[in-house]
Amino acid sequence: MLILAKAAMAMMLGFILAIACGLIFIPLLKKLHIGQMVSREINVRHLEKEGTPTMGGIIFIIPVILSLILLFFNGSIEISYNLFILVFVFLAYAILGGTDDYLKIKFKNNAGLSIVTKFLCQMIIALVFFYLFMRSGGSSTLKFTALNLVIPLGWMFGIFILFLLVGTSNAVNITDGLDGLAGGLSAIAFLAYGIISWNCGWLEGYQEIAIFCFLIVGALLGFLVFNSHPARVMMGDLGSLSLGAALATIAILTRHELSLAIIGGVFVIETISSFIQIIGIRKFNKKIFLKAPLHHHFEELKWRENDIVKLFYVIGLLLAMAAITYGVWL
């Protein structure tokens with residue numbers, strides 16, 4: 001019961017602080033003219049979203065960090081080594097995404113940071129992660145119990161970390177195309193990893209990692225109050241990159257890397273649909289989907305935005321429940 005009480009408290013705290021941040025920052029973002037740039041290649045219905053405040057990720061990032069600080073000084077949590085790694089990656093990707101958003105707004109285009117610059121920054125973050133992880137006694141061996149497979153990677157584990165961080169952060173970023181879609185799916189994913197983390201009693205600071213997950217679930221629910229259709233604020237790269245990187249970090253720390261592909265199954269499907277579309281156009285000069293990623297395909301089929309989001313939520317929830325069943329129970 002104590003675990004449930006702590007989880008409920010963390011979600012409530014994250015939610016209340018996110019609501020407060022939304023009421024403070026959305027008017028400020030509007031005043032500073034920090035608005036969303038909409039590509040003309042997307043469905044025409046998205047043109048009405050032009051100018052909607054962006055960089056809304058601050059609405060759930062600040063509550064999570066502030067809550068951790070409050071809980072620490074209250075004696076409710078300890079700042080463990082693994083929690084430090086998680087917060088470092090979370091904030092590092094938030095800064096990277098925020099810089100990208102700032103450049104897009106400043107130059108009034110969707111270019112942002114160059115691909116090379118962004119990749120170099122992500123490589124540096126991954127190297128720091130790898131160093132801290134190995135220094136804490138982390139194993140560079142991948143174990144897939146479902147497949148009865150053990151793979152010793154050695155220094156290649158650093159490349160694996162980079163792959164997961166880049167892949168997951170960009171997958172969430174790609175999915176962030178409809179009101180409430182990425183935020184809701186991320187809340188489901190963090191809820192699943194919160195439950196899984198609390199089952200990792202062998203991991204230093206496992207309770208703090210679980211509380212981080214539940215805090216961000218609550219904060220995302222508060223964010224969705226403002227981000228659900230019709231959205232009053234967009235999370236921007238500031239939010240999507242930090243969410244994806246945090247999910248990948250938790251997967252690595254808890255040694256549930258394979259579960260990430262299931263829990264974040266919708267993110268994976270969205271990313272694969274984009275790759276298939278690119279390959280189809282470049283190699284065969286033919287579109288596989290009406291538009292990519294997949295949520296835009298459904299839009300072209302004249303589905304309502306809310307219906308697409310609800311369908312993806314259901315799929316995400318089913319996948320998360322399957323991953324929890326295997327990761328915790330079986």
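The values are calculated or read from the model by the stated rules, or taken from the named source; none is laboratory data. None of these values were measured; they are calculated from a predicted model. When we count neighbours, we look across all protein chains shown, and the Cβ atoms used for this are built from the backbone with ideal geometry, even at glycine. The protein model used for the area step is the full one, side chains on, heavy atoms only, and it has no ligands, DNA or RNA in it. Shrake-Rupley method; radii C 1.70, N 1.55, O 1.52, S 1.80 Å.
Taking the alpha-carbon distance from K143 and a cut-off under 18 Å, which aspartates and glutamates remain once sequence neighbours fewer than 8 residues away in the same chain are dropped?
Cα-Cα hits under 18 Å: E257.
Rank N306, N285, N199 by mean-square fluctuation in a GNM of the chain with C-alpha springs under 10 angstrom and give only the top-ranked residue.
Highest fluctuation of the listed residues: N285.
How many angstrom lie between the C-alpha centres of region 219-236 and region 292-313?
Between the Cα centre of region 219-236 and that of region 292-313, the gap is 18 Å.
In nm, what is the difference between 0.36 nm times the number of residues separating S114 and H229 and their Cα-Cα distance?
Here the answer is 38.3 nm.
Quote the accessible area belonging to I34 in square angstrom, nearest 10, computed with a 1.4 Å probe and with ligands, DNA and RNA left uncounted.
Accessible area, nearest 10 Å²: 30 Å².
With each label point set 7 Å from Cα along the Cα-Cβ vector, what nm distance links I16 and L4?
Reported label-point gap for I16 and L4 is 2.1 nm.
Taking θ = phi - 60°, what integer Hz values does the Karplus form 6.51 cos²θ - 1.76 cosθ + 1.60 yield along region 50-61, in sequence order, with x for Gly and Pro?
Values, residue by residue: 4, x, 4, x, 10, 6, x, x, 4, 5, 10, 6 Hz.
Would you mind finding the longest exposed-site-free stretch of the chain, with exposed trypsin sites (Lys or Arg not before Pro) meaning DSSP loop and at most 10 other Cβ atoms within 10 Å? The partial results should precede the final answer.
Details: sites that count: R40, K108, K286, K302.
Within the chain, the longest run free of exposed trypsin sites (Lys or Arg not before Pro) spans 109-285.
Through the Karplus equation 6.51 cos²θ - 1.76 cosθ + 1.60, θ set to phi - 60°, convert the phi angles of region 203-213 into ³J(HN,Hα) values in whole Hz; use x for Gly and Pro.
8, 4, x, 4, 5, 5, 5, 4, 4, 4, 4
From the helices alone, meaning DSSP H stretches of at least four residues, give me the mean residue ellipticity at 222 nm for the chain, per-run term -39500 (n - 2.57), in deg cm²/dmol to the nearest 500.
-23000 deg cm²/dmol
Relative contact order for region 220-296 using alpha-carbon pairs under 8 Å, separation at least 6, rounded to a whole percent?
Worked out over region 220-296, it gives 17 percent.
Name the shape class, rounded, prolate or oblate, that the alpha-carbon gyration tensor gives for region 1-110, where a ≥ b ≥ c are the square roots of its eigenvalues, rounded holds for a/c under 1.5, and otherwise prolate holds if a/b is larger than b/c and oblate otherwise.
In terms of gyration-tensor shape, prolate.
Once you list every other residue whose beta carbon is under 13 Å from the beta carbon of L215, what net charge do they have if Lys and Arg are +1 and Asp and Glu are -1?
Charge balance near L215 sits at 0.
What aspartates and glutamates sit close enough to K283 to cross-link, taking a C-alpha to C-alpha distance under 15 Å and skipping anything fewer than 8 places away on the same chain?
none
Give the residues of region 76-110 whose amide nitrogen is closer than 19 Å to a point set 7 Å from the Cα of R135 in the direction of its Cβ.
It comes to 79-93, nothing else.
Counting pairs of alpha carbon atoms under 8 Å apart in space and at least six apart in sequence, what relative contact order in percent does the chain give?
About 27 percent, as a whole number.
Among K106/K302; K30/K104; K104/K287; K6/K118, which pairs are too far apart, with a Cα-Cα distance over 26 Å? Present the calculation step by step, with values, prior to reporting the outcome.
Values: K106/K302 34 Å; K30/K104 16 Å; K104/K287 28 Å; K6/K118 37 Å.
Violating the 26 Å limit, Cα to Cα: K106/K302; K104/K287; K6/K118.
Here are some values of Rg and Dmax of the Cα atoms in Å: (i) 20.0, 64; (ii) 22.2, 93; (iii) 19.2, 60. Which one was computed from this structure?
So the calculated entry is the one marked (iii).
Amide H of G35 versus every other amide H placed in the peptide plane: which residues, excluding those fewer than 5 positions away on the same chain, fall under 5 Å?
For G35, whose amide H was placed from the backbone, the distant partners under 5 Å are T54.
Dipole size in debye (nearest 20) for the chain around its Cα centre, Lys and Arg Cβ +1, Asp and Glu Cβ -1?
Result for the chain is approximately 660 debye, rounded to the nearest 20.
Read phi for every residue in region 12-29 and hand back ³J(HN,Hα) as whole Hz from Karplus 6.51 cos²θ - 1.76 cosθ + 1.60, θ = phi - 60°, with x for Gly and Pro.
5, 4, x, 5, 4, 5, 5, 4, 4, 5, x, 5, 8, 7, 4, x, 5, 4
Amide H to amide H under 5 Å from G112: which residues, 5+ apart in sequence or cross-chain, H placed 1.01 Å off N in plane?
Here the answer is K104, since their amide H atoms fall under 5 Å of that of G112.
At what distance in angstrom do the alpha carbon centres of region 123-146 and region 78-96 lie from each other?
14 Å
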